[in-house]
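First the structure, in the form of C-alpha cells, and then the observations on it.
The values are calculated or read from the model by the stated rules, or taken from the named source; none is laboratory data. Not measured: the values here are computed from a predicted model. We place every Cβ from the backbone using ideal geometry, glycine too, and count neighbours over all the protein chains shown. Surface accessibility is based on the protein's heavy atoms, side chains included, excluding ligands, DNA and RNA. Shrake-Rupley method; radii C 1.70, N 1.55, O 1.52, S 1.80 Å.
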Amino acid sequence: METYEIFKDLAIILISAKLCGLLAGKLKAPQVVGEIIAGLLIGPCMLGLVQQTDLISGLAEIGVVLLMFFAGLQTSLKDLMRTGWKAFLIACSGVLVPLLGGYLLYSCYYGFAPGGSSGFYSAIFTGVILTATSVSITVATLKELGYLKTETGTTIMSAAIIDDVIGIIVLTFVIGMKDPNSKPSKVIISTVLFFLIFFILGVLICKFFQWLDKRYPHTRRLPIFGFVLAFAMAYIAEKYFGIADITGAYVAGIILCSIDDAEYIARKADVSSYMVFAPVFFASIGLKTNIDQLTPALLLFCVLFVAIGLITKIIGCGLMSKILGFSGEDSIKIGIGMMTRGEVALIVAQKGLQVGMIESKYFTAVILLILVSSVITPIFLKLLYSRSSSRALSK
C-alpha cells in the first residue's frame, strides 16, 4: 500500500463517520452507532471503499487508548474506592456465566466431547471468548449522555477493567491445559505486580503532576505530559505485564484524575480523540466485518453465539448487581453496559487460533458479536437513561 493512500482512507472514514453519526443523532441514537455503521458501509462488507490495514488498526488502537485515558481522568477516586469491591464481584460473575454459556452452546450445537479432546477445548475456548468485555463503546455512550461520573458508570468502568484482567488469566489457564509452555501463575504474578508497582509509582507521578500544575497551571505541557504517561503505561502494561494496553491507559487517567487541571487534560484528550482517532476506532469495527465465509450452519451458530454472548453478560453482571444492592433498573444498566465486546475478544480469538483451539471461520461469529453488541448497547443505554430522566422529571 502506497503511503499516500492512507489520506484517501482517512478522508472517507472521517466524512462517512461524521455523516452517519449526525444521522444517528437525528434518529435519537448515539453517534457511535452511526460511526460503526459507517465502517460497515465503506468496508469490505458493502461498498469496499476502505480496507482494514495495519495503519488504520494502529490509529484505531490509539483511539481506544485515548478514550480509556479520558475515562480514567473522569473517574472519581471516592466513587471508585466505594464501588471497587462491588465491581470485582460483578466482574467475576460476568466472566463465569458467559464462560459456562459458551461451553454449553458449542457442546449442544456440535455435541459434548470427552475431556482432553479437541472438541472439548473448542467448547471451553468458545466460553473464554465470551468472557471479554469492551468498555470503550459504553464509555463513549455514557460520556455523550452525561452519565460517565455516576455510580453505575464508575461501576461499569471498574468492572470491565477487572473483567478483562480475569479474562486474560482464564485464557492463560485454558491454554495451559493444552500448551505446557503457558504458565498461569506467571500471569497472576504479573497482574498483581502491575497494580502494586503503579499504585506506588502512581503516588509519586501524581505529586509530580500536582507540582507541575501549580508551577505551570493551564498550560499545554500538562496534557502533553499526560499523553506521554498514557501511552507509556499502555505500552508497559502490554509489553512487560501481559495486560491489555487499555488497562494501562485507564490507570494513567486515574493517577491524574485528582489534580486541579484534570478536566483541562481531559478536554484536550477528548478533542484529539474526537477529531480523528475515535471515529477511526469505531469505523474499524465495521471494516473488520466480512461475511464471505458464512454458510447456513455457521450463520445459525453465529446468531446463537451473539445471543448467548449478550444474554449471559446481562444475567451474570445484572444479577450480581442486584444481589449487591443496586436497584433493578441500575442492575440492568450495568448488565447492558458490560455486554459490549471489542479488541480483547479479537485478541483472545486470535490466541485460540494460534494454539489450535478454534478454526478461523469462527472469527465471523466474534466480529458479529462485536458489531451487534457495539450497536445495540448504546441504543439500550440511551433508552434506559432517557426513561430514568423522564421519570425523575415527572415526580
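Remark: relative contact order (region 230-307) = 17 percent; criterion is Cα-Cα distance under 8 angstrom and separation of 6 or more residues.
Solvent-accessible area assigned to carbon and sulfur over the chain amounts to 69 percent, based on a 1.4 Å probe.
Give the relative contact order (percent, whole number) for the chain; include only Cα pairs under 8 Å separated by 6+ residues. Kindly include the intermediate steps, with their values, before the conclusion.
Details: 619 pairs, mean separation 116.2, N = 395.
29 percent.
Note on SER386/LEU100: beta-carbon distance plugged into 1/(1 + (r/R0)^6) with R0 of 35 Å gives a FRET efficiency of 0.60. How many angstrom lie between the Cα centre of region 324-385 and the Cα centre of region 257-287? Answer, in whole Å: 21.
With a cut-off of 19 Å, note down the residues of region 258-279 whose backbone N falls inside the zone around a label point 7 Å from the Cα of LEU47 toward its beta carbon. Only 276, 279 pass the distance filter. Note that the chain presents 44 Å² accessible area per residue, ligands and nucleic acids not counted, probe 1.4 Å.
For region 89-224, the C-alpha radius of gyration sits at 1.43 times the compact-globule guess of 2.2 N^0.38 Å, with N the residue count. Between LYS361 and GLU151, residue separation times 0.36 nm minus the direct Cα-Cα distance comes to 71.6 nm. Classify region 144-292 as rounded, prolate or oblate, taking a ≥ b ≥ c as the square roots of the eigenvalues of its Cα gyration tensor: rounded when a/c is under 1.5, otherwise prolate if a/b is larger than b/c and oblate if not. Verdict is oblate for region 144-292. Extending 7 Å from Cα along the Cβ direction at CYS108 and again at ILE6 yields two label points whose distance is 4.6 nm. Using R0 = 30 Å, the C-beta based FRET efficiency linking ILE323 and PHE195 works out to 0.70. Spatially, region 111-155 and region 30-107 are offset by 9 Å when compared through their Cα centroids.
Once Rh for region 230-370 is found with the Kirkwood sum over Cα pairs, what is the Stokes-Einstein diffusion coefficient at 37 °C and 0.692 mPa s, in µm²/s?
On the way: Rh = 17.9 Å.
Answer, rounded: 183 µm²/s.
Taking 0.36 nm per residue of separation and subtracting the Cα-Cα distance, what length does fully extending LYS78 through ASP54 add? Write down the numbers at each step before the final one.
Numbers: separation 24, 0.36 × 24 = 8.64 nm, distance 3.95 nm.
Going from the current span to full extension adds 4.7 nm.
With the whole protein complex present, MET68 retains an accessible surface near 0 Å², based on a 1.4 Å probe. Value of Rg to Rh for the chain, rounded to two decimals, is 0.96; Kirkwood radius and Rg both from alpha-carbon coordinates. A cut-off of 5 Å between modelled amide H atoms, ignoring neighbours fewer than 5 places along the same chain, links THR340 with SER134.
List the residue ranges in the chain for DSSP H helices whose C-alpha atoms run 18 angstrom or more along the long axis and whose Kyte-Doolittle average is 0.0 or above. Show your work: numbers first, answer last.
Details: long enough: 5-26 (32 Å, 1.25); 54-73 (28 Å, 1.92); 77-110 (48 Å, 0.86); 118-131 (20 Å, 1.38); 151-178 (40 Å, 1.39); 184-215 (46 Å, 1.41); 221-241 (28 Å, 1.17); 296-323 (40 Å, 2.06); 363-394 (46 Å, 1.36).
Taking the DSSP H segments of the chain (at least 18 Å long, mean hydropathy at least 0.0), we get 5-26, 54-73, 77-110, 118-131, 151-178, 184-215, 221-241, 296-323, 363-394.
Checking the a/c ratio against 1.5 first, then a/b against b/c, what shape does the Cα gyration tensor give for region 237-298? In terms of gyration-tensor shape, oblate.
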